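**Q** Here's a structure for you.
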Amino acid sequence: MRQIRQKSIATRHAPRTTHHAHWLLLLCISLLLAGCGERGFNRKAMLQGIVDEIILPNHALFVARSAELETAVRALHADPTDANLANAQAAWKTTVDAWSGVQLFDMGQINRDFMHPAIDRIPPNIDGIEQSINDGQSLSMERVNSFGSNKKGLPTLEYLLFLPDLTDQRRLEYTLATAEVLAQNAADLETAWRDYADDFVSAELDNQNTNSSISMLVNEIVRRLEIIMGLGLGQPLGLNIQTDGEAHPETLFSPYAGYTEERLLHQLISVQTVLDGGIDDYLDYLNLTPVEEQPLSERLDNAIAEAIVLTGQLDDLERRVVEDRESAEAAYAAIREVAILTRVDLTSQLGVLLTFSDADGD
């Protein structure tokens, strides 16, 4: 992707006619591109590449990691030792890492079928989980699968695995059934995406059509960044309008495993991967940046790289949001810059309409 970009940058700095004439010409070209699909830039090929090289492999990895987690929890259920608990906790973390590469693709038929909430709905319903453990009824896979989304999935497994009571057989049964349901839901999600992939690529319409693949993909990029910024860091720091200005470490994505910074980091990397998977070249092809400005593709590259570096330095985030706010606020500001570039500049240059409200209200 970088070689194509360098060629586009060189073209961008070639001699121009007058500034107004240049922008009029670009406007006409962009309007033509919006209605002509593959003419000049093969948008279907870009989407096919994103499906084949990112979406489907990421879902396959999530299936594999979920199966490994189920195996580790099954071993813990059969022999509840500290060593088996540590293995199950480690398997949960690698599964969450793989899930971070999948979360971005909750769109189209996948979204309409509400497949993601059953896998990851934050926060878990602790009172409901404890009630189910203590009610004496069956804790089979079938019954846990019938529970609401906030009583199963990755957050529920985090609660059960990182606040464990290895002497409580009922808790172990709930943990195993939840891991079994997660593995099945992961497999079902991969199958659904494989069935939907051709339709996703074929929905190569005017970018302003909210059903177009590019529109859905860009909306999910913006939405994910808003969630990372607003709910991932803004809410724990008290920086968004939904909080009172005080730190709220209890609202971190992963309060029991202390794994919030890793979740945020992997989600940012997922966004970066999709942008580098063809969106950057599409931006360079449209070439809508005035000659005196840095191309949006480069600005996005630099901004998200900075956000990834700063987020990767946020170890012990629960303490930082209270005692070492400067580093956490710096990461928040860097993520906010990426969110603004996507929400304003990216959607503008691609002619995409946003279909949701931002997550933090600012």
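**Q** Please return the longest range in the chain lying between exposed loop sites, taking GluC sites (Glu not before Pro), DSSP loop only, at most 13 other beta-carbon atoms within 10 Å, and leaving the sites out.
**A** The reported range is 39-245.
**Q** Quote the Stokes-Einstein diffusion coefficient, in whole µm² s⁻¹, for segment 63-198, based on the Kirkwood radius over alpha carbon pairs, a temperature of 25 °C and a viscosity of 0.890 mPa s.
**A** My calculation gives 164 µm²/s for D.
**Q** Further question on the same structure: Could you give the distance between the Cα centres of segment 251-273 and segment 109-186, to the whole Å?
**A** Measuring centre to centre over Cα atoms gives 20 Å.
**Q** Okay, moving on. Could you work out the equivalent-ellipsoid semi-axes for segment 191-316, taking the square root of 5 times each eigenvalue of the Cα gyration tensor, largest first, in whole Å?
**A** Three semi-axes, in Å: 30, 20, 14.
**Q** Here is a further query. If each DSSP helix of 4+ residues adds -39,500 (n - 2.57) and the sum is divided by the residues in the chain, what number results at 222 nm, nearest 500 deg cm²/dmol?
**A** For the chain, the value works out to -19000 deg cm²/dmol.
**Q** Another question, if that's okay. Mind listing the phi-derived Karplus ³J(HN,Hα) values for segment 55-70, rounded to whole Hz, using 6.51, -1.76 and 1.60 with θ = phi - 60°, and x for any glycine or proline?
**A** Karplus-based 3J(HN,Hα) across segment 55-70 equals 5, 5, x, 5, 5, 5, 5, 5, 4, 5, 5, 5, 5, 5, 5, 4 Hz.
**Q** Further, regarding this structure: Let me know the longest stretch in the chain that avoids all trypsin sites (Lys or Arg not before Pro) found in a DSSP loop with at most 16 other C-beta atoms within 10 Å.
**A** So the longest stretch without any such site is 40-362.
**Q** Oh, and also: Taking Cα atoms of the chain, Rg/Rh with Kirkwood Rh, to two decimals? Could you put the intermediate results ahead of the total?
**A** On the way: Rg = 22.3 Å, Rh = 21.9 Å.
Taking Rh as the inverse mean 1/r over Cα pairs, Rg/Rh reads 1.02.
None of the figures in this text is laboratory data; all of them are computed from the coordinates on show. Remember, it's a predicted structure, so these values are computed and weren't measured experimentally. With ideal geometry, Cβ positions are generated from the backbone for all residues, glycine too; neighbour counts draw on all protein chains shown.
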